[in-house]
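Below is one structure, written out as structure tokens, with a few remarks after it.
The values are calculated or read from the model by the stated rules, or taken from the named source; none is laboratory data. As the structure is a computational prediction, the values presented were derived from the model and not from experiment. Please note: Cβ atoms are built from the backbone with ideal geometry, for glycine as well, and neighbour counts cover all protein chains shown. What goes into the accessible areas is simple: the full protein's heavy atoms, side chains included, and nothing from ligands, DNA or RNA. Shrake-Rupley method; radii C 1.70, N 1.55, O 1.52, S 1.80 Å.
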Amino acid sequence: MKVLIVDDEVDVKDLFLQQFRKEIKSGMITTVFAHSGAEALEILANQEPLDFILILSDINMPGMTGFDLLKEVKERFPSLKVLMVSAYGDAANIDKAKSIGADGFVPKPVDFEQLKESLFTISQS
Amino acid sequence: MLSIVLMFAFFILIYFPNQQEKSLLRNFNTEVQNLSGTVALGVKIALTEQNFEGVETALDFVKQNHHLRFVSLVQVDSTKNNDGTWSVKKTVFKTYPDAFAVDVKAESSDSIIIKHSAFSTPLMKGEIMLGMSTEEITASKQQIRSTSLIVCFIVLAIGIVIGFILARHISVPVLALRDAALKVGQGDRTQQVQSNSKDEIGQLGQAFNKMVRDLEMAESERKAAQEQLIQSEKMASLGQMTAGIAHEIKNPLNFVNNFSKLSLELMNEMETEEDAEEKKFLLDSIKSNMVKINHHGKRADSIVATMLQHSRGAAGTLIPCDLNQLCDEYTDLAYHGMRATSQEFNSSIVKEFAPELPPVNLIPQEFSRVILNLLNNAFYAVNERYAKELAEGKQPEGPEVRIKTEIVGNYATIRIRDNGSGIPETIKNKIFEPFFTTKPTGKGTGLGLSLSYDIMTKEHQGKMSVTSEEGKFTEFCLELPI
């Protein structure tokens, strides 16, 4: 499973690398990081996107927001699964994410157990 | 009023008596003429009959008249001159009273009416000259004048009494009502008037008193409602900011929780790890995590400190602040606050902070309210324009809000500029008015700018102004004295 993590916060990379260290070591997961929506789209355009599960961390990013990116991804790569992670964890935001096509939503602060569970559920579907 | 009195006085004292006198004199003239005519006839008859006693009798006719000044029997002789003209010579034949010196040429004057009645007999031609005194008429005129004056004074006295009564009963209460109404108009809503009488004046007074009491109550309610609305506006801005802050805190908390949990796991792994290299790697990771935990913990702390500073409601004192840092923090807060409340919202933010800005005296919790208000308005405006142009099928320019600090003269200046729809010229001078808003009902109280203006001018002795071009941009300029 190839996962693209998009977040403008620098420490997110370290966090995910540590959280998924066992899965990365065993080869179950490969991680790629982008610091903006634009960077994420560039990565997707240049690589084979089909085995990605894209994690959007934080709806609130400078420039292209998480929702904008989600919309773009669903239009261009409709088979890509998207999991939203955001500090805006209220019902309205969750509903909006789902209406645009998000396959799941994880609120911040992230419970990584829950995140892993959602990841695997989505990858199976 | 004076002219009416003067006209009236003229009429009473001069015109009316004069007219009366003229009328009496006319009648008197006629009477005297008739009398002289009667005497002349009597004399004529007596002379014709050569009855000289009859002449006396005729003259006696007027002797008893108390107006009589004189009666004369005048002989009239006509002689022809050499040139053919006639000369008339009049000679007094007899006069009563005897001592009265009669001038045959005498004419009527103010004090005497003189009338002539001619007669002709075979014995003599003559005339009766009758002089009657106008004393009584003059006296009568005086009497009329006096009577008029007396009547006048009586009527005046009655008028004064009536006026006094009316004044007491109507004018004084009405004037009191007018004075009270004027004071109410100037803001004194404690005015009450006396309203004891049971008539219309009393009722008017009671109605007035009730109206003033109702006005005072309505004003108190209005003030209370306005105060409440201002508090709501402050709470709403606080609430919005709190939402922004809450979001802000979740990010650092995410790292604190997860890195600490991770570190614990790594420490547990270290206990069972035998490979030295792997152990070192784990230890390094743990150390790195601790640094991150510390960093994000402090980040959360400063966010809370900012929130506390903002929510402190007590009247603040001016303290020297880093204006750039304040503007930077509150721009982010406003942005996140807006994002938290409106999913459609987006905008790019450009920050241009002057590098050499000295500390600026301000009340952080109040000044931050101004920045938040202006930024919220800017975000709203840019998104409104963007959505509108999208709906019209245009390719709209991306929403952008710029915040810039600089020193201009003796002021630290903050400019907040948006590329929204601008402010129409027609409403530009209203935007600082309390309760004025162009937002739909429920979206804005209209108090933000008016509160901000008061905060800038009254609490900071600063300035606040706006420039705008409809369809292009709006820029608010805040100036703080340094």
(request) Decide, for chain A, between rounded, prolate and oblate: order the square roots of the alpha carbon gyration tensor eigenvalues as a ≥ b ≥ c, take rounded if a/c falls under 1.5, and otherwise choose prolate if a/b is larger than b/c, else oblate. (result) rounded
(request) Please identify every one of the trypsin sites (Lys or Arg not before Pro) in segment B:158-232 that sits in a loop by DSSP and has no more than 13 other beta carbons within 10 Å of its own beta carbon. (result) B:Lys198
(request) Report, for the protein assembly as shown, the % of DSSP beta bridges that are antiparallel, rounded to 5. (result) 70 percent
(request) Report in % the part of the accessible area of chain A that belongs to carbon and sulfur, leaving out ligands and nucleic acids; probe 1.4 Å. (result) 52 percent
(request) Using protein chains only (no ligands, no nucleic acids) and a 1.4 Å probe, work out which residues of segment A:1-42 have their accessible area cut by at least 50 Å² relative to the chain alone. (result) A:Glu9, A:Asp11, A:Leu15, A:Gln18, A:Arg21
(request) Loop sites only, by DSSP: take the GluC sites (Glu not before Pro) in chain B that have at most 15 other C-beta atoms within 10 Å and name the longest stretch containing none of them. (result) B:108-273
(message) So with the 1.4 Å probe, I'd like the accessible area per residue for segment B:250-389, rounded to whole Å².
(response) 49 Å²
(request) Starting from 0 in steps of 10 Å, tell me what percent of the Cα-Cα pairs of the protein assembly as shown lands in each bin. (result) 3, 11, 14, 12, 9, 6, 5, 4, 4, 4, 4, 5, 5, 4, 3, 3, 2, 1, 0, 0
(message) How large is log10 of I(q)/I(0) for chain B at q = 0.07, 0.13, 0.14 Å⁻¹ when the intensity is taken from the Debye formula with one equal scatterer per alpha-carbon?
(response) -0.68, -1.18, -1.28
(message) Using Cα springs under 10 Å in a Gaussian network model of chain A, which residue among A:Val32, A:Val106, A:Val85 shows the largest mean-square fluctuation?
(response) A:Val32
(request) Return the subset of A:Lys25/B:Lys298; B:Lys234/B:Lys394; A:Lys98/B:Lys250; A:Lys74/A:Lys116 for which the Cα-Cα distance in this structure is over 27 Å, preserving the input order. (result) A:Lys25/B:Lys298; B:Lys234/B:Lys394
(message) Using a 1.4 Å probe on the protein heavy atoms, what percent of the accessible area of segment B:1-105 belongs to carbon and sulfur?
(response) 58 percent
(request) Work out from phi, with θ = phi - 60° and the Karplus expression 6.51 cos²θ - 1.76 cosθ + 1.60, the ³J(HN,Hα) of each residue of segment A:85-100, listed in order in whole Hz, and give x for Gly and Pro. (result) 10, 7, 6, 7, x, 7, 4, 4, 5, 4, 4, 4, 4, 5, 5, 7
(request) Determine the total buried accessible area between chain A and chain B, counting protein heavy atoms only with a 1.4 Å probe; round to the nearest 100 Å². (result) 2400 Å²
(message) Please report the carbon-and-sulfur percent of the accessible area for segment B:358-482; probe 1.4 Å, protein heavy atoms only, DNA, RNA and ligands left out.
(response) 50 percent
(request) Quick one: angle between helix B:52-63 and the longest Cα principal axis of chain B, in degrees between 0 and 90, rounded to 10, please. (result) 20 degrees
(message) Percent of Cα-Cα pairs more than 20 Å apart in segment A:1-62, please.
(response) 24 percent
(message) Output the 0 to 90 degree angle, nearest 10, between the alpha-carbon long axis of helix B:200-272 and the longest principal axis computed from the alpha carbons of chain B.
(response) 10 degrees
(request) Write down the radius of gyration of segment B:140-221 and its Dmax, each obtained from C-alpha positions, in Å. (result) 21.0, 77
(request) Please give the per residue accessible area of chain A, computed with a probe of 1.4 Å over protein heavy atoms only, in Å². (result) 43 Å²
(request) Compute the acute angle (0 to 90°) between the alpha-carbon long axis of helix B:364-391 and the principal axis of greatest extent of the alpha-carbon atoms of chain B; round to the nearest 10°. (result) 90 degrees
(request) With r as the distance between the Cβ atoms of B:Asn429 and B:Glu271 and R0 = 60 Å, compute the FRET efficiency 1/(1 + (r/R0)^6) and round to 0.05. (result) 0.25
(request) Would you compute, from DSSP H runs of 4+ residues alone, the mean residue ellipticity of the protein assembly as shown at 222 nm, taking -39500 (n - 2.57) per run and dividing by the full residue count, rounded to the nearest 500? (result) -18500 deg cm²/dmol
(request) Output the peptides B:143-151, B:330-338 sorted from most to least packed, where packing is the average of other Cβ atoms within 10 Å over each peptide's residues. (result) B:330-338, B:143-151
